[in-house]
Amino acid sequence: MNGIDKAFPGVQALTGVHLELFEGEVLALLGENGAGKSTLIKILSGVYQPDSGTISIQGNDPHIHNPIDAQAAGVAVIYQEFNLAPCLSARENIFLGREKTRSGFFSRNEESREALDLFSRMKVSINPETLCRDLTVAQQQITEIAKALHARGKILVMDEPSATLTTQEVRQLFAIIRDLKSQGIGVIYISHRLEEVFEIADRVMVMRDGRHIATKPVRELTRELLIEMMVGRKIENEFPKVPAAIGAERLIVKNMSREGAVKNISFSIRAGEILGIAGLVGAGRTELARLIFGADERDSGEILLDGKRVDIRSPLNAIRAGICLLTEDRKAQGLVLGLGARENFALPNLSHWARFMFINHKNEKKSFAGFVNNLKIKVAHEDQIVQTLSGGNQQKIVLAKWLEANSRVIIFDEPTRGIDVGAKYEIYQIMNELASQGKAILMISSELPEILGMCDRILVMHEGALSGEIANVSQASQEEILSLAMAKQA
Amino acid sequence: MIQKNSLFSRFLSNYGMLFILILLCVFFSIMTLSTQHPEGEKAARILFSELASRDKNAAILIVSKSSREDAAFSDTLQSLLKEAGYQSLEIVKGDPASVKNSLEKLANENASIDLIATTSNYAPAVSRIRENLPSLSSVSLLTPKSSKWPTFLLADNLMNVANQIVVIAIIAVGMTMVIITAGIDLSVGSLIALSAVVVTWLVGRSGGAGASFFIITLCSFAAILLCGCIGAFSGFMITRFRIPPFIATLGMMQVASGFAYIISRGKPIYDVPDTFVWLGRGKSPFLALPWAVLLMIVIYAIAHIIMTRTTLGRHIYAVGGNPEAARLSGVRVNRILLFVYITCGAMAGLGGIVTSSQLKSGAPTYGLMYELYVIASVVVGGTSLSGGEGKILGTLIGAFIIAVIQNGMNLTNVESYTQKVVLGFVILGAVLLDMLKKRGWRRRKKSA
């Protein structure tokens, strides 16, 4: 791709971007949200047309005008949201639109054989007849890759493939990617997780504000250098941890259990403390958070807040008691996407400005304006639909909503997922600020550097139970957490 | 500049339908522009003002048909003239044949007549009779001055539009709330029938034609309560057992309709007192609007305030936009859903009362297909079937768009089969407009 320009009404999305991908290499594409990565990929895959610039694949101009052209030219894209029909089997999805037919009828045996062949090439065992909705996320991803391979893809684009995978599944994915490399397929790998980039990529391309910043072999780069290139300025300390004064025990959780998810967990958090919960995906961390917040029904367990027993049976109880939860999936659980920023902010707090159900809009607006200022939320106007906001600003809206609710205990579930480096830094600062105000903070995160960088104490979960505690965080290492997280398998 | 632009587009997206309604009104006004012949009291007053310059001793003959309107004309004119001091007045009422007889008698008696006053509609017939009687043929015929005015914009016709739509509009309030929560209520048509049958049956059993106004009110509230309970049952099935609203209310539609037939034994119930029509036909002192229309305005005002100014309204929007996020923000989602289905049921019950009051009877066939008109009003009014957005006042506009189109087509003599086709396309057009609006919005999102 050479000299790609793309403008949307009011925005110059791409300016003279140059991308070069060799056979059998992994190119990591990095950049903050809004840097133009997705736009570039959408041009490659034929969703958008460039205003100027050329694309050539193996020396030919493939004339990509729509996604079908792109497919024919050998470009396959695996988006974060998979394009699989959930009620069709893995085999049917792989062959969708390219069914093996014999005199008009598709031949199930032949398709089945080829599907198995594709899976075995990737060294995985998936029954091709399983319906896609019954496959795990990782298996669905592999099905997508198989679909791309079957379409004889020469270029495979993966948009944040590891975001929803467990550590083990990520290893499996990397093994598959290495295998694809050896078959001469070029892979464009988009991720926010820098560790992965160093592990899998051969070269790194960094974009910022719709421009191509640099493309360099990965061995010439360091983590700090990458961040600097992405943000455009030096970030002294990725995790600006400021230890706060630790007070009395704020939240005590005793014997929390839920069949099949959480096993008999007890712990406590002090005022001003940031407690991290680490573990593999599926270890029951999110489920634990939901139990504390009353989002799911618990089988047993009790919660003490500032020494007093609180009865939490619903999120409403939790909010009234002063516990809040920033969910890991902002779009599905944290925000009403079709409503405006202010309305989302106000949702749990309407009683603050309401007298017998009637909302005083003036006070509501005043309060929201205060948070927009303090948290530096970028909104065009207070009624901007939150769907149109960036991940970082969405997270800030959720944060503002719970700060207004004046919670004493704040549970962050993957607070920085899908958020770019600059906004991450701001969110860490807000966490520090909250801790210094004496709030108790529980942080669930799959990003080990983040947990190690921000927490005063770390709990590790494995298969629904606590498998260890790290009290001295400054001496701890990622390996230590990982070995605890995989306790029983190791 | 950008801000202004977005304000303008927001205004258009919120009130674009109002613009269409106004266009429709203008269109039908032009189409129905014609010569209007005043009738009744109004005609009498106009004629009287024309007479004012005449000699008070003139002998005047007032000729009219014996219909109610014409009787009003004749009586009013007579009393006006008497008051003004006219002495010599003759009154003739009846069909052309009897008028002819009376006039012949007058001519034979050689009565002196200087003027014949009659209505515009009757003038040709009277004039023909007059020409056959030599003694009267020179007497001038006076009719109230007619004027050019669109039939559509006549007060009577506008009232007609309001009366036609009042039931649908009232129920559409509840339906808007239900649809904003991403639900649907198909049972409202049957609830109209059930409510109409129950109220007339109850009134019939507690006094029939002799029932007091208090009894009627009590029976009405009982019927509304019953419909509210049926709404609550739908809501319960939807919240407790996660039955899709479409199916739950489809079931209740059959149940309610069945009960209406069982209670009425399949026949209309007429056993109600004359005061029963107070709500549907009675005129309120306020602008002479029918009570039902006034009630509709009050309901819209309350619903608008609920949806825009109260926590309840905000919660309804949130539940429709994302029930899980709403729940995790402390909204009692099930309670909100229950509320909207109860409201919708009760509004359908009220709609049934108004229908039965307008028709002075209750029959299990009332409200057939009304759910579709109600849903159409809501959708034309800009509420999205996927939930989370919509406006109460938009629904009112939507209801009036449908009523105006129907009424306008009646006035311009479009036959009823064609009307169906047009209405169908109007509904499709409204939904299409909604989709285009959304697609434009999505395009903006991508560029951001």
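Read-outs throughout are calculated quantities, based only on the coordinates presented, and are distinct from any laboratory measurement. Remember, it's a predicted structure, so these values are computed and weren't measured experimentally. Positions of Cβ are backbone-derived with ideal geometry, glycine not excepted, and every protein chain shown enters the neighbour counts.
Taking the Cβ-Cβ separation of B:ILE302 and B:PHE27 as r and a Förster radius of 51 Å, what is the calculated FRET efficiency to the nearest 0.05? With R0 = 51 Å, the Cβ-Cβ based efficiency is 0.95.
For the pair B:PHE19 and B:ASN160, a Förster radius of 25 Å applied to the C-beta separation gives a FRET efficiency near 0.60, rounded to the nearest 0.05.
Sites listed here are GluC sites (Glu not before Pro) in region A:118-180 whose DSSP assignment is loop and whose Cβ has at most 15 other Cβ atoms within 10 Å: A:GLU129.
So if each residue of separation counts as 0.36 nm, and I subtract the Cα-Cα distance between A:ARG223 and A:ALA369, what length gain in nm does that give? Separation in residues times 0.36 nm, less the Cα-Cα distance, equals 48.9 nm.
The local environment of A:LYS263, defined by Cβ-Cβ distances under 11 Å, has a net charge of -3 under the rule Lys, Arg +1 and Asp, Glu -1. Label positions at A:ASN317 and B:THR418, each projected 7 Å from the Cα along the C-beta direction, are separated by 6.6 nm. Candidate cross-link partners of A:LYS401 among the aspartates and glutamates, defined by an alpha-carbon separation under 20 Å and a same-chain spacing of 8 or more, comprise A:GLU328, A:ASP329, A:GLU343, A:GLU364, A:GLU382, A:ASP383, A:ASP413, A:GLU414, A:GLU426, A:GLU433, B:GLU324. Note on chain B: the alpha carbon radius of gyration divided by the globular reference 2.2 N^0.38 Å gives 1.25. Can you list the residues, at least 5 places off or on another chain, whose amide H is less than 5 Å from the amide H of A:MET443, using H built in the peptide plane? Amide H neighbours of A:MET443, under 5 Å, 5+ apart: A:LEU275, A:GLY276, A:ILE277, A:PHE412.
Quick check: the distance between the Cα centres of region B:276-316 and region A:179-200, to the nearest angstrom? Region B:276-316 and region A:179-200 have Cα centres separated by 64 Å. As a proxy for reagent exposure, A:SER407, B:SER67 were ordered by neighbouring Cβ count within 10 angstrom, fewest first; the result is B:SER67, A:SER407. For the cross-link pairs A:LYS254/A:LYS365; A:LYS378/B:LYS391; A:LYS216/A:LYS424; A:LYS154/A:LYS331; A:LYS37/A:LYS181, the ones whose C-alpha atoms lie over 31 Å apart are A:LYS254/A:LYS365; A:LYS154/A:LYS331. Within 10 Å of the Cβ of each residue in B:384-391, the mean number of Cβ atoms contributed by other protein chains is 1. The chymotrypsin sites (Phe, Trp or Tyr not before Pro) of region B:285-334 that meet both conditions, a loop assignment by DSSP and at most 16 other Cβ atoms within 10 Å of the site Cβ, are B:PHE286. 3J(HN,Hα) couplings calculated from phi for region B:67-82 with the Karplus curve 6.51 cos²θ - 1.76 cosθ + 1.60 (θ = phi - 60°) are, in sequence order, 5, 4, 4, 5, 4, 4, 4, 5, 5, 4, 4, 4, 5, 4, 5, 4 Hz; Gly and Pro show x.
How much net charge surrounds A:SER407 when only other residues with a Cβ under 13 Å from its Cβ are counted (Lys, Arg +1; Asp, Glu -1)? Local charge sum for A:SER407: +3. Counting, for every residue in A:336-346, the Cβ atoms of other protein chains within 10 Å of its Cβ and taking the mean gives 5.
For region B:86-123 versus region A:61-133, the spacing of their alpha-carbon centroids is 94 Å. As a rough footprinting exposure proxy, the listed residues A:GLU479, A:GLU238, A:GLU287 were ranked by other beta carbons within 10 Å of their own, and the order from fewest upward is A:GLU479, A:GLU238, A:GLU287. Residues B:LEU142, B:LEU133, B:LEU432, A:LEU350 in ascending order of nearby Cβ atoms (within 10 Å, fewest first): B:LEU432, B:LEU133, B:LEU142, A:LEU350.
Per the Cauchy relation, a quarter of the hull surface: what is the mean projected area of the convex hull of the alpha carbons in region A:336-490, in nm²? Provide the component values of the computation, followed by the final result.
On the way: hull surface 44.0 nm².
Averaged projected area of region A:336-490's Cα convex hull equals 11.0 nm².
Once backbone amide H atoms are built at 1.01 Å from N, A:SER107 has A:LYS100, A:THR101, A:ARG102 as its partners under 5 Å, excluding neighbours fewer than 5 places away on the same chain. For region A:222-358, the orientation-averaged shadow of the C-alpha convex hull comes to 12.5 nm² (one quarter of the hull surface).
Taking only the C-alpha atoms of chain A, the Rg (one decimal) and the largest Cα-Cα distance, Dmax (whole number), read 24.2, 77 Å.
Net charge near B:ALA326, counting Lys/Arg +1 and Asp/Glu -1 over other residues with Cβ under 13 Å of its Cβ? Before the final figure, lay out each step's value.
On the way: positive: A:LYS401, B:ARG314, B:ARG327, B:ARG332, B:ARG335; negative: A:GLU343, B:GLU324.
Net charge around B:ALA326: +3.
Averaging 1/r over every pair of different alpha carbons in region A:2-231 and inverting the result gives a Kirkwood radius of 18.4 Å.
With a cut-off of 20 Å on the backbone N, the residues of region B:117-138 near the modelled label site 7 Å out from B:SER146 along Cα-Cβ are B:117-131.
What do you get for Rg/Rh of the protein assembly as shown when both radii come from the Cα atoms and Rh is the Kirkwood radius? Show your work: numbers first, answer last.
On the way: Rg = 37.7 Å, Rh = 33.7 Å.
That ratio equals 1.12.
Remark on region B:40-145: Rg and Dmax equal 12.5, 33 Å (Cα only).
Roughly what percent of Cα-Cα pairs across region A:415-490 reach past 19 Å? Mind showing how you got there, number by number?
Values: 1154 of 2850 pairs.
Tail fraction, whole percent: 40.
A Gaussian network model of chain B, with springs between Cα atoms under 10 Å, assigns the largest mean-square fluctuation among B:LYS391, B:LYS283, B:LYS105 to B:LYS105. Only the Cβ atoms of Lys and Arg (+1) and of Asp and Glu (-1) were treated as charged; on that basis the dipole of the protein assembly as shown about its Cα centre amounts to roughly 1240 debye.
Can you pull the mean other chain C-beta count within 10 Å for peptide B:310-318?
Details: counts 6, 11, 5, 3, 10, 2, 0, 6, 10.
So the per-residue partner count for this stretch is 6.
Distant-in-sequence amide contacts of B:LYS65, defined by a placed amide H-H separation under 5 Å and a gap of 5 or more residues or a different chain, comprise B:GLY94.
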